1. Could you pull out the residue among N372, N346 that is within 30 Å of A88 (Cβ to Cβ) and not aliphatic (A, V, I, L, M)?
2. Looking at segment 100-151 only, could you name the residues that are part of a strand (DSSP E or B) and charged (D, E, K, R)?
3. Across segment 256-294, what is the total count of residues that are assigned to a loop (DSSP other than H, G, I, E, B), within 16 Å of the ligand (Cβ to nearest atom) and either farther than 30 Å from S67 by Cα or in contact with a Gly (Cβ under 7 Å, 6 or more places away or on another chain) (or both)?
4. Does segment 40-48 include one or more residues that are at pLDDT 95 or above and surrounded by fewer than 13 Cβ atoms within 10 Å (Cβ to Cβ)?
5. Just the residues that are without any contact (Cβ under 8 Å) to a residue 60 or more places away in the chain, closer than 24 Å to C185 by Cβ and of a type in the set (V, I, T), please, taken from segment 328-359.
6. Take segment 160-197 and flag every residue that is more than 16 Å from the ligand (Cβ to nearest atom) and either part of a loop (DSSP other than H, G, I, E, B) or assigned by TED's automatic domain parsing to the domain that holds Y349 (or both).
Amino acid sequence: MVQLNDNYLKLKAGYLFPEIARRVKVFCDAHPEAAKRVIRCGIGDVTEPLPSAVVSAMHKAVDDMASRESFRGYGPEQGHEFLRHAIAQNDYRDHGMEVADDEIFISDGSKCDCGNILDILGHKNVLGITDPVYPVYVDTNVMAGHTGEANEAGAYEGIHYLACDASNGFVPEVPKEKLDVVYLCFPNNPTGATATRAQLAAWVAYARAHGTLILFDAAYEAYISDPEVPHSIYEIPGARECAIEFRSFSKNGGFTGTRCAFTVVPKTLLAATATGECKPLHPLWNRRMSTKFNGVSYIVQRGAEALYTPEGKQQVRGLIEHYMGNAAILRAAVQQAGLPVFGGVNAPYIWVGTPDGLTSWEMFDRMLTQANVVITPGSGFGSKGEGYFRISAFNSRANAEEVARRIAAL
Ligand SMILES: *Cc1c(COP(=O)(O)O)cnc(C)c1O
């Protein structure tokens with residue numbers, strides 16, 4: 001009989017968001033009046049429409065597809081040159097970072113890229129993953145057979161967990177052990193923490209000393225307002241020798257439903273073969289994309305390109321200001337309620353310590369039943385998230401203000 005991939009059976013049931021949905025449904029069914037007041041600050045999805053520069057560019061691209069002269073069929077698997085160039089120029093070279101157009105690979109999402117990157121890495125690498133964490137990094141390694149079973153706390157054998165808590169400002173210190181692959185995400189989902197230049201420099205120095213690959217997820221870089229906080233790992237000298245960067249248009253351009261992202265693979269990044277030779281990873285990722293991917297829709301790539309026009313940039317700033325205005329309102333509300341609050345300054349997530357020794361899920365229930373607000377329990381992101389909850393700033397202004405009033409009234 002055909003065999004399945006046993007590694008999938010090691011996965012902990014997709015517990016967090018289904019369990020949130022279940023509890024919300026139970027509450028709403030039992031309290032139909034309160035159900036009408038429920039405000040969701042749980043999921044990390046944008047709420048505001050696409051920037052008009054994107055909408056116009058996509059309309060025009062649809063028209064291109066409607067005539068023989070301007071019609072486009074399959075594009076390059078790595079992405080159209082117009083978009084690779086706009087990204088490398090605007091996001092990197094204009095900020096003094098050396099990134100070539102052909103080091104940019106366009107995709108349909110960073111979530112996919114974070115999982116797909118494992119295709120070009122070996123199976124024996126020692127993995128370092130933060131706790132709490134965006135669950136995709138863990139689960140894709142489980143699926144690929146890079147871990148053993150999970151223990152009762154949900155920790156997988158074979159993963160080296162890098163603890164992030166208030167004592168280190170939710171930024172992991174470099175470990176004493178040698179790790180081969182480390183996932184870093186700053187600004188962070190779920191904690192909203194940012195890493196300083198010195199902290200990232202320590203990681204780059206560690207990586208270069210140990211031959212470690214840093215997988216740097218910069219999905220929230222557009223939310224950085226502090227001029228001291230690096231937007232890219234490539235702001236750190238030497239990162240071109242040790243890091244791959246993932247970026248997405250989901251959170252800056254509101255592309256969560258439109259789908260476009262990119263991965264930066266420097267040509268100077270080397271990894272070891274089974275026989276110990278050093279070879280560049282760039283040709284492997286190029287080959288992986290050409291073989292398993294046929295490119296992002298031309299229409300979507302034209303929409304993403306428009307984010308780099310003067311109007312597009314201004315409209316993105318408007319979106320960020322909207323969400324960060326919500327974050328400031330929500331952050332002030334939890335602060336005034338006397339709770340320990342983190343994040344929400346250079347990131348759209350506010351990470352809050354629970355009051356009265358409540359567990360994350362007890363706090364979830366209190367917020368749902370007493371304030372009719374849905375938050376995300378921190379323990380769903382890892383054992384170190386216990387005792388915290390995440391409030392998302394992705395909402396309308398009216399909802400953010402109402403949530404702030406309800407927190408004050410708790
Ligand atoms: C939202 C998010 C992404 C972006 O994912 P897409 O697939 O591009 O929508 C990547 N990483 C993190 C941590 C995120 O929260």
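1. Values: N372 fails: within 30 Å of A88 (Cβ to Cβ).
Exactly one of N372, N346 is within 30 Å of A88 (Cβ to Cβ) and not aliphatic (A, V, I, L, M), namely N346.
2. Going through segment 100-151, the residues part of a strand (DSSP E or B) turn out to be 104-107, 127-131, 150.
Residue satisfying the conditions is D131 alone.
3. Looking only at segment 256-294, we keep the residues that are assigned to a loop (DSSP other than H, G, I, E, B), and these are 256-260, 265-269, 273-277, 281, 293-294.
Within this subset, residues satisfying the condition of being within 16 Å of the ligand (Cβ to nearest atom) are 256-260, 293.
Next cut, either farther than 30 Å from S67 by Cα or in contact with a Gly (Cβ under 7 Å, 6 or more places away or on another chain) (or both) only: 258-259.
Residues in segment 256-294 being assigned to a loop (DSSP other than H, G, I, E, B), within 16 Å of the ligand (Cβ to nearest atom) and either farther than 30 Å from S67 by Cα or in contact with a Gly (Cβ under 7 Å, 6 or more places away or on another chain) (or both): 2 in total.
4. No.
5. Filtering segment 328-359 for residues without any contact (Cβ under 8 Å) to a residue 60 or more places away in the chain gives 328, 331, 335, 338-339, 341, 352, 354-359.
If we keep only those that are closer than 24 Å to C185 by Cβ as well, we get 328, 331, 339, 341, 352, 354.
V341, V352, T354 - these are the residues of segment 328-359 that are without any contact (Cβ under 8 Å) to a residue 60 or more places away in the chain, closer than 24 Å to C185 by Cβ and of a type in the set (V, I, T).
6. First pass over segment 160-197, keeping only residues more than 16 Å from the ligand (Cβ to nearest atom): 160-161, 163, 165-169, 173-181, 196-197.
The answer is D165, G169, E173, V174, P175, K176, E177, K178, L179, D180, T196.
Yes/no matrix, rows are residues, columns are (1) among the small types (G, A, S); (2) away from the ligand (no atom under 16 Å from the Cβ):
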{"position": "Q199", "(1), (2)": "no, yes"}
{"position": "G211", "(1), (2)": "yes, yes"}
{"position": "Y223", "(1), (2)": "no, no"}
{"position": "E241", "(1), (2)": "no, yes"}
{"position": "I244", "(1), (2)": "no, no"}
{"position": "G254", "(1), (2)": "yes, no"}
{"position": "Y298", "(1), (2)": "no, yes"}
{"position": "Q301", "(1), (2)": "no, no"}
{"position": "A306", "(1), (2)": "yes, yes"}
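Conditions (1) touching a strand residue (DSSP E or B) at 6+ places or on another chain (Cβ under 7 Å); (2) buried (at least 23 other Cβ atoms within 10 Å of the Cβ); (3) among the polar types (S, T, N, Q); (4) at pLDDT below 95, marked per residue:
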{"position": "A153", "(1), (2), (3), (4)": "no, no, no, yes"}
{"position": "A163", "(1), (2), (3), (4)": "yes, no, no, no"}
{"position": "V182", "(1), (2), (3), (4)": "yes, yes, no, no"}
{"position": "P187", "(1), (2), (3), (4)": "no, yes, no, no"}
{"position": "A202", "(1), (2), (3), (4)": "no, no, no, no"}
{"position": "Y206", "(1), (2), (3), (4)": "no, no, no, no"}
{"position": "I224", "(1), (2), (3), (4)": "no, no, no, no"}
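The values are calculated or read from the model by the stated rules, or taken from the named source; none is laboratory data. Computed from a predicted structure; not experimentally measured. Using ideal geometry, Cβ is built from the backbone for each residue, glycine included, and neighbour counts are taken over all protein chains shown.
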